Structure formats: structure tokens, C-alpha cells
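What follows is a single structure, written as C-alpha cells, with notes after it.
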Amino acid sequence: MREARDLPGITLVPEAFDSSRFSRLGVLFLTLPLWVQALSVYVASRIVSVAIFAVVVRRQEPASWSSSPVETTLGDFLNFWDSGWYQRVAEEGYPSTLPVTEAGTVTENQWAFYPLHPAIVGDIAALTGADYDTVSPIVSTIAAGLASIVILALFRRYVDRAQALTGLAFVMFFPPAAVFSTGYAEALTLLLQSLALLLIVERRYLTAVPVVFLMDLSRPVGVAFSFFLLFHLIDRFVRRRDEAYPVGEAIRSWTLGVLSCLAALVHPIHAWLATGSLTAYTDTEAAWHGGSSTYLVQWLAAANGLVGPFGPLLLVGLIVGMTALIFSPAGARMGRTLQLYCLGYGVYLLIFFTPQTSTLRLLLPLFPVALTLALVRSRGYRAAVLSAFVVLQIVWVAYLWHFTPPADLPP
């Protein structure tokens, strides 16, 4: 009697799921041009994200951003929340007089939102005759696609092709990465951040100057990047015996450092000159946090409020754990420059950011940390992480991006 594997129609089953076949396909895929690999992963991530948005929008009630009082279309849904503020910047510009309450406190206004994304979208919309809310998600989608190419090139400088591609997949499927398909500026900022980091890793400091300048006009990340550059420049000086730091390179790198600090002040200075108020930008930012700003202690207060007396201890443990991860042997695989970048951005968040439901989205600039998660070669591990990210992305869109009138928590 013949064995089951010899019976007609059954021999195809084991071959269809032959792991060696998948391995050969994987090896073949890794021989493709870098941009093809990056965009393949990126397109897959966008299919997932847009599909999630398309499903969730079916239970979205009409909101102030909806184009119809009857229903919310997918195009409407991709332009919810801060997308509306960016559109106001493009169409109305910034107010020359700060809006205030009867008590004299500055209220929410366009100065909290940086001009690069709305300027690009507004110009394209004017040239093509298309609506702003049609162009905005497209610009974000294209920018994140270009960012995927830059990120893969950056990651390949430190790990092999398979690990770099896994790291990119972790970045693009990270739960709040769904925002790359919307009218937000995160995608454009990610492109400029990753390009600036690649140029700095390659020690092309002067070439990075215009990139950093544009990045500082996209979102409020200039102070964080300046922290990183300060750490980087000090580190290069201290380690000059291990890594040559010639005078010419020192001048170029410190030039970038100084100009980065100045670029971080461009938007706040613009707000000051336009309104006549030195604190126009910071007062506007404070409007989203009850009218006042605090530094560092806001994390302790939030931890205590959420968890109780042990909250601050948990916060300290989280900070220590994150720092240990960045500077662990696994973290070292991302390279010294990216380690210091993550440190600089983390310090910035702790000092200036008020923890809220937007915290996950603000972790997107820490994308180099994905490399530490990508070092495990197990296919099961990679599949489990990506599956978890997809599930959490569904949660992020369904519970944070989805808006329940009249008010809801921001994504």
C-alpha cells in the first residue's frame, strides 16, 4: 500500500508549505534593489492601514471634519483631528492677533502647527486644482514611502539586509504609523529626520543643514534634534582618539549644531514677530494643556495620577529600562550616532512633552529602536511582532483616530 504522500493530489500540500521554498524566495527578494524592497514593505503596510481606516470609518458618526452631515467618507476620515488645523494654516495662514478667552488666556490656534506640510499641500492643490483634503494624505503617503527607502539605507549601515528589512517593517507597521496615510505632518518629518540622520552618519554635515532646516519647519522636533547634536558633538570630541575628528570636520559639524539650534527657533520667532508677543508660540502650545506649561514634573504628576504612589517608581523603571535597551549590546547594533539620537529625543520628551493619548504617535521619531527588535532571526518571532502591531494598529485607529462627538481623546 502506497504512503499518503504518494497519493495523487496530496503531494502538492507539503510542497506548497515547504519552508525551504520560502527561504529561497526570501533570499531572492533580498537581491532586489534597495528601493524595491523598501517600497514593497511600505506598500504592504499602507494596504493594511488604509484597509483599517476603511473598516473603522463605517461606524464613524458625522463630525465637524465630515464633508456631509449624513456620512463620513474615507477621504474625510483621513483628514480628521489636526489635519483640519494644517488646512487652516494653508488656507488662512497664521493669526496676527492671538485669540484669547475672557480671562486673557490664549486659546487654541494655528501657531501650534508648523508650516512645511500645509505649504507643500496648499501649493500642489493650487497648481492642480485639487482639494486640499485630497492632496494632503497623498503627500503624506508619498513622503513616508520615500522615508522607507532612506530608513532601509540607514539601517543597512549597521545590520544585514534581512535584519534591516525587518526593522523597516517594524517601523511601518508600528500602531501609530497608520498616521502616515493621513493629513498629518509625521510622514514628512520622518523623511527629513531619517535623511538628516543618514547624512550625519556619513559625516556630510553641511549637506544636512538644509534638511535639518526643513525638518524644523515640519513639526516641533528641532529642540530634540539639537539635544542629539550636542550629545553627538561632545561624543565625537571625547572619542577623537578612537575615531578621527579632523579640524575641518569639527568645524562643519559644529556649524550644523549651531544652525540646528537657530532653525529650531524659526517658527517661534515667526510667531513673535507676527503677533508682537514673545511667548506667542509657547502660549499657544499651553492652550492644549489647560493654559499652562510645566517641565519634567508633568510626567511624575501623570504617573502618580494614573498608578498612584508607585507611579513615579514605575516611570523611573521605564526610563531606566529604555535607556538600558538603547545602550545594550542589541542597542549598540544601531550605531553610536543613532543611540545618541534616541537619547536626545527621549530627553526632549521628558522635559517638554505632557503625557497624553498622543504619546504613542510621538514615539515615531524613535524609529531606530526598531533595529534592536529586529535582531532576532526567528520567523515566528517576526511574525508575532508584526501581527501584534497590526492588532494594535486596529485598536489605535478604532479607539483614538475614531471620533465620538462632541469630544474625544486625540490620537
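What label, among (i) 23.3, 93; (ii) 21.1, 72; (iii) 22.0, 79, belongs to Rg and Dmax of the Cα atoms in Å computed from the structure on display?
Here the calculated entry is (i).
Going by how many other beta carbons lie within 10 Å of each one, how would you line up Leu386, Leu296, Leu217, fewest first?
So the ranking, lowest neighbour count to highest, is Leu296, Leu386, Leu217.
Would you mind working out the magnitude of the charge dipole of the chain relative to its Cα centre, with +1 at each Lys and Arg C-beta and -1 at each Asp and Glu C-beta, to the nearest 20 Debye?
With Lys and Arg at +1 and Asp and Glu at -1, about 1840 debye.
As a footprinting exposure proxy, order Met322, Met172 by other Cβ within 10 Å, with the fewest listed first.
Exposure proxy ranking, most exposed first: Met322, Met172.
Place a +1 charge on the Cβ of each Lys and Arg in region 51-107 and a -1 charge on the Cβ of each Asp and Glu, then give the dipole magnitude about the Cα centre in debye, rounded to the nearest 20.
Roughly 180 debye, rounded to the nearest 20.
Can you compute 3J(HN,Hα) from phi for each residue in region 150-160, using the Karplus curve 6.51 cos²θ - 1.76 cosθ + 1.60 with θ = phi - 60°, rounded to whole Hz and x for Gly and Pro?
5, 5, 5, 4, 5, 4, 5, 6, 10, 9, 6
So what are the ³J(HN,Hα) numbers for region 122-130, from phi and the Karplus equation (6.51, -1.76, 1.60; θ = phi - 60°), rounded to whole Hz, Gly and Pro as x?
x, 5, 5, 4, 5, 6, 9, x, 7
Would you please give the residues with an amide H less than 5 Å from that of Val100, counting only those at least 5 places away or on a separate chain, with H modeled from the backbone geometry?
Residues meeting the criterion, in which the H sits 1.01 Å from N, are Thr107.
Once you list every other residue whose beta carbon is under 14 Å from the beta carbon of Trp81, what net charge do they have if Lys and Arg are +1 and Asp and Glu are -1?
Result for the local shell: -4.
Of Trp401, Trp254, how do they rank once you tally other Cβ atoms within 10 Å and put the fewest first?
Ranked by crowding around the Cβ, least crowded first: Trp254, Trp401.
Explain nothing, just the number: relative contact order of the chain, from Cα pairs under 8 Å at least 6 residues apart, as a whole percent.
In percent, rounded to a whole number, it is 20.
Can you compute the modelled spin-label distance between Arg239 and Leu273, with each label point 7 Å from Cα toward Cβ, in nm?
A separation of 3.9 nm, rounded to one decimal place.
Net charge near Gly248: determine it from the other residues with C-beta under 14 Å of the C-beta of Gly248, scoring Lys and Arg +1 and Asp and Glu -1.
+4
Rounded to the nearest 0.05, what FRET efficiency is calculated for Leu313 and Ala130 with R0 set to 56 Å and r the Cβ-Cβ distance?
It comes to 0.60.
Do you know the relative contact order of region 114-266, to the nearest whole percent, from alpha carbon pairs under 8 angstrom that are 6+ apart?
24 percent
Any read-out appearing in this document is the output of simple, stated calculations on the displayed coordinates, not a laboratory observation. Note that the coordinates shown come from a computational prediction; the quantities given were computed from them, not determined experimentally. Ideal geometry is used to build each Cβ from the backbone, glycine not excepted, and the neighbour counts take in all protein chains shown.
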